[in-house]
Amino acid sequence: MSGTQVFAQTVLNGLLMGCIIALVAIGIALIRGVMDMVNFAQGEFLMLGMYCAFWVNRLTGLDPLLTAPIAGAVLFVLGAVMYKTLVRRVVGAPMLAQVLLTFGFSIVLVNTALFLWGAEFRTIPETWIRGNVDIGGVVIGVTTLVPAVVSVIMAAGVYWFMVKTRMGRALQATAMNKHAAALVGIDTERVYALAFGLASACAGVAGSVLALSYYVFPMVGTVFNLFAFVAVALGGFGSIPGAFIGGLIIGVADSVTGFYVSTAFKYVVAFGIYLATVIWRPKGLFGW
Amino acid sequence: MKRSLVRLAIMLPVLALVFGLLAVPILGKVDTVKVGVIYPLTGSAAATGKDYIAAYQLAADIVNNKMDLDFPFARTEGIPALGGAMIEIVPADSQGSPEVGRAEAERLISSVKPTALMGCHHSAVTKTASQAAERFGTVFLCPDSTSPALTERGYEWFFRSGPTDTTFIEDTFDFIEDLKKARGLKVETVAIVSEDTEFGKNISVVEEQMAATRGYRVVEKITFQNNSTNVNSEVLRLKRANPDVILMAAYTSDTILFVRTFKEQKYTPPAVIGQRAGFISPEIFTTLGKDADYLFTTNVWAPDLGEKRPIVKRINELYRAKTGKDLTGDYARAFTGAFILVDAINRAGSVNPEAIRKALLATDYPGSQLIVPWAGVRFDQKTHQNTLGRGIITQAIGGVYRTVWPFDLASQEAVWPVPAWDKR
């Protein structure tokens, strides 16, 4: 492999990985932007999305890629229900109450998964999504390419929804000022439920495509959650494009440092970038 | 005067009787011997922890019940020297974390008051949990953790029945050497890949030293984060270095990730030799399927050892009936450790910690009564490390590990170099 090929491979690996982190991060940014609260259970929604893909595939034999919409829909409902039953009680409450609620809920989800499905690592067997693509010596596994593409589509979809549709504008309006939005006739309760559902659906879709290449187990959410949070903080809390780009930066920093410097330092650089952002631009790259 | 004498004459037998009754539970019969076992029951290694507990339960079943089995303590009920006292396994959850492991050890010691503690799979957890045991003067028998540092601390109450990483790494290099002699293989360069906790860090140090003394060139040395989200850059580095053999120390999740990434990046290392842990977890086969084929690992046990010794096969069948899975090196080691402890308690004839400690020091357990291929169990008087343990090298073919070294125990020939991904 030539130097350029290796560099291209390294950056590409980073981007592909970053896409998944980005999609999880978008969910966190959305909730933070609209409701001004941090959802610590986002990683666990990713885990549920992965189990959703796993079980639908196991029980029906449906291709994991086709389970993405199902996982998205299931998680949307779950997110909306979670809002209606639990989260709405802490909207506007002290931050500690919000943190305890979502953090507590994440513990409940992990242990429920542990109880229902056990602690084993599970993977989805290869279906028609398999093999490698070789572009001039740069090798990409299809099982990482497809999730990245799906992530980009989903992220673009969420962005389009936010900017172009009436409901999306209602969401933005509520994010800016809840009372003013209510005054002009926006049903803010519905908007909040929608935001929560949408954020969970992002994690669900990310999870179901991630299950193509990654193993599933009840604690998988925590592994990705940390990176997603860093991506959100990097991009700017509340900014959807920011969260996406933040995810990509984390992915590329991880990959490039790992290859060119040392694998032992790859997270040092990723988190170092985050730290530098917090110090010099606390609102994040795209924050407002 | 006379009355008080009479009173005394009545009182004495009564007192004697009362004290006699009290003395029985103090001096004589122990009903149950509690053994605290600390393993990861939640967290990324939870499935492994669960299977460990099953291995301990099986050992307890054999000791507690009368079984038609040609094995120590099988034909009697309970521990003979304690009047048939039952073994009770008390599991505790370390979550794979050194801090939690230590807290759980303290909790067990203060509330359950176990006769001994055992555990903890992760070397880093064993390290802290045994610190607690040392402080409280509780016997800690570690059957599984392999970090050499554990027995180099000179602890009074810590014993280890399993071999250490140093033994396994020596086995690894002996295996490569033997294979080179037998087949004229060319193996000159190695890559050392290790995770970043106690387990991996120690292994990479020993591997690097041994590679140097035996004349191998280390072309890549990688430390990666335990429970990684991806190992893309790690694999890319290996691909570039192109070593003749990769020596890897990883727990289950990362082992799965590495093999999948090798395949994704179309990279077939000529041979990957793992240091147990993730490599010997049964989930390797359930998650990776055929892709797990041709992985080598140092090991403590393999099902094919049963082809030569019926009792090994029989114990594996009992374990299979309990869990639906074969034993692995981890669980066979834990099972063995439990019997070493029971043997010591039986010889001590009491649950007094000091007596058990002395009995453990005097242990001379024959290899013929073990299900693992060791020469026996005898503890070094200073370090308390079993000096008679040894390892085997196994290779995965068709979803099971088969012994390939030492050659006299081997049931198949090693496949090296392994076939490329697209030729399988």
Task: C-alpha long axis of helix A:240-260 to longest principal axis of chain A, angle in ° - done: 30
Open item on the list: Out of all Cα-Cα pairs in the protein assembly as shown, roughly what percent, to the nearest whole number, are more than 35 Å apart?
Closed with: 50
Task: Set of the stretch A:233-267 residues, backbone N closer than 12 Å to the point 7 Å along the Cα-Cβ line of A:Val163 - done: A:240-242
- [ ] Tabulate in residue order the Karplus-calculated ³J(HN,Hα) for the stretch A:50-58, using 6.51 cos²θ - 1.76 cosθ + 1.60 with θ = phi - 60°, rounded to whole Hz; enter x for Gly and Pro.
- [x] 5, 5, 4, 4, 4, 6, 4, 5, 5
Task: Contact order relative to length of the stretch B:158-244, as percent, for alpha carbon pairs under 8 angstrom and 6 or more apart - done: 31
TODO: Could you size up the charge dipole of chain B around its Cα centre, putting +1 on the beta carbon of Lys and Arg and -1 on that of Asp and Glu, and report it in debye to the nearest 20?
DONE: 880
- [ ] For A:Thr112, put the label point 7 Å out on the Cα→Cβ axis and report which residues of the stretch A:64-90 keep their amide N under 20 Å from it.
- [x] A:70-90
Open item on the list: With angles folded into 0 to 90 degrees, how steeply does helix A:266-280 sit against the dominant principal axis of chain A? Use alpha carbons for both and round to 10.
Closed with: 40
Open item on the list: Please list, in order, the residues from the stretch A:113-156 whose amide nitrogen is less than 18 Å from a point placed 7 Å along the Cα→Cβ vector of B:Ala420.
Closed with: A:131-142
Open item on the list: How big is the dipole moment of the stretch B:298-385 about its Cα centre under a simple scheme where the beta carbon of each Lys and Arg is +1, that of each Asp and Glu is -1, and everything else is neutral? Debye, nearest 20, please.
Closed with: 80
Open item on the list: For peptide B:232-242, what's the mean number of Cβ atoms from other chains within 10 Å of each residue's Cβ?
Closed with: 6
Open item on the list: Applying a 10 Å radius around every beta-carbon, put A:261-272, B:287-298, B:253-264 in order of their mean neighbour count, most first.
Closed with: B:253-264, B:287-298, A:261-272
Open item on the list: Give me the percent relative contact order of chain B, please, defined on Cα pairs under 8 angstrom at least 6 residues apart.
Closed with: 15
Task: q = 0.08, 0.12 Å⁻¹: log10 I(q)/I(0) that the Debye formula gives for chain B, counting C-alpha atoms only - done: -0.45, -0.94
Open item on the list: Of all beta bridges DSSP finds with both residues in the protein assembly as shown, what is the antiparallel percent, to the nearest 5?
Closed with: 35
TODO: For the stretch A:62-169, run through the trypsin sites (Lys or Arg not before Pro) and keep only the ones in DSSP coil with at most 15 other Cβ atoms within 10 Å of their Cβ.
DONE: A:Arg130
Open item on the list: Counting only helical runs of four or more DSSP H residues, what would the 222 nm mean residue ellipticity of chain B come to if each run contributes -39,500 (n - 2.57) and the total is spread over all its residues?
Closed with: -13500 deg cm²/dmol
Task: Cβ-based charge dipole, the protein assembly as shown, positive-most Cα from B:Gly391, B:Pro417, A:Gln98 - done: A:Gln98
Task: Quarter of the Cα convex hull surface for the stretch B:76-210, i.e. its orientation-mean projected area (nm²) - done: 11.4
- [ ] Tell me the Kirkwood hydrodynamic radius of chain A in angstroms, computed as one over the mean inverse distance between distinct C-alpha pairs.
- [x] 19.2
Open item on the list: How big is the dipole moment of chain A about its Cα centre under a simple scheme where the beta carbon of each Lys and Arg is +1, that of each Asp and Glu is -1, and everything else is neutral? Debye, nearest 20, please.
Closed with: 680
Open item on the list: Given an 8 Å cut-off on Cα distances and at least 6 residues of separation, report the relative contact order of the stretch B:246-370 as a percent.
Closed with: 19
- [ ] Quick one: net charge around B:Gly337, please, counting Lys, Arg +1 and Asp, Glu -1 for every other residue with C-beta under 14 Å from its C-beta.
- [x] -1
- [ ] Quick one: which residues, 5+ away or cross-chain, put their amide H under 5 Å from the amide H of B:Thr32? H built at 1.01 Å from N.
- [x] B:Met86
- [ ] Arrange the residues B:Glu317, A:Glu189 by how much accessible surface each exposes, largest first, with a 1.4 angstrom probe.
- [x] B:Glu317, A:Glu189
TODO: Starting from the amide H of A:Met37, placed 1.01 Å from N in the peptide plane, find each other amide H under 5 Å away whose residue is 5 or more places distant or on another chain.
DONE: A:Arg32
Task: Between the stretch A:204-230 and the stretch B:81-113, the alpha-carbon center distance in angstrom - done: 33
TODO: Arrange the residues A:Val209, A:Val184, A:Val77, A:Val223 by how much accessible surface each exposes, largest first, with a 1.4 angstrom probe.
DONE: A:Val184, A:Val77, A:Val223, A:Val209
TODO: Quantify how strongly other chains surround peptide B:249-261 by giving the mean number of their Cβ atoms within 10 Å of each of its Cβ atoms.
DONE: 2
Open item on the list: Here is the link list: B:Lys34/B:Lys201; B:Lys186/B:Lys263; B:Lys66/B:Lys322; B:Lys66/B:Lys313; A:Lys178/A:Lys283. Which ones come out longer than 26 Å on Cα distance?
Closed with: B:Lys34/B:Lys201
Open item on the list: Please report, ordered by residue number, every helix of chain B (full DSSP H runs) that is 30 Å or longer along its axis going by C-alpha atoms and whose mean Kyte-Doolittle hydropathy reaches 1.6.
Closed with: B:2-27
Open item on the list: Using +1 at the C-beta of Lys and Arg and -1 at the C-beta of Asp and Glu, which of B:Phe339, A:Ile250, A:Asn132 has the Cα lying farthest in the positive direction of the dipole of the protein assembly as shown?
Closed with: A:Ile250
Task: Accessible surface, the protein assembly as shown, averaged per residue in Å² (probe 1.4 Å) - done: 39
Task: Solvent-accessible area buried by A and B, counting both chains, probe 1.4 angstrom, square angstrom - done: 3100
TODO: Return the subset of B:Lys358/B:Lys382; B:Lys181/B:Lys423; B:Lys325/B:Lys423; B:Lys50/B:Lys127; B:Lys266/B:Lys423 for which the Cα-Cα distance in this structure is over 19 Å, preserving the input order.
DONE: B:Lys181/B:Lys423; B:Lys325/B:Lys423; B:Lys50/B:Lys127
Open item on the list: For peptide A:114-123, what's the mean number of Cβ atoms from other chains within 10 Å of each residue's Cβ?
Closed with: 6
Open item on the list: Spelling out what I want: for every residue of the stretch A:193-199, take phi, set θ = phi - 60°, compute 6.51 cos²θ - 1.76 cosθ + 1.60 (Karplus), and round to whole Hz; glycine and proline get x.
Closed with: 4, 5, 4, 5, x, 5, 4
Task: Tilt relative to chain A, helix A:220-235 - C-alpha long axis, 0 to 90 degrees, to 10 - done: 70
TODO: Restricting to chain B, compute how many DSSP beta bridges are antiparallel as a %, nearest 5.
DONE: 25
Open item on the list: Taking θ = phi - 60°, what integer Hz values does the Karplus form 6.51 cos²θ - 1.76 cosθ + 1.60 yield along the stretch B:388-404, in sequence order, with x for Gly and Pro?
Closed with: 9, x, 7, x, 10, 10, 10, 10, 7, 9, x, x, 9, 8, 10, 6, 10
Open item on the list: If you roll a 1.4 angstrom probe over the protein chains with everything in place, what fraction of the accessible area of the stretch B:205-264 belongs to carbon and sulfur, to the nearest %?
Closed with: 42
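The values are calculated or read from the model by the stated rules, or taken from the named source; none is laboratory data. Note that this is a predicted model, so its numbers are computed, not measured. Note that each Cβ is placed from the backbone with ideal geometry, even for glycine, and that neighbours are counted across all protein chains shown. Surface areas here come from the heavy atoms of the whole protein model, side chains and all, with no ligands, DNA or RNA. Shrake-Rupley method; radii C 1.70, N 1.55, O 1.52, S 1.80 Å.
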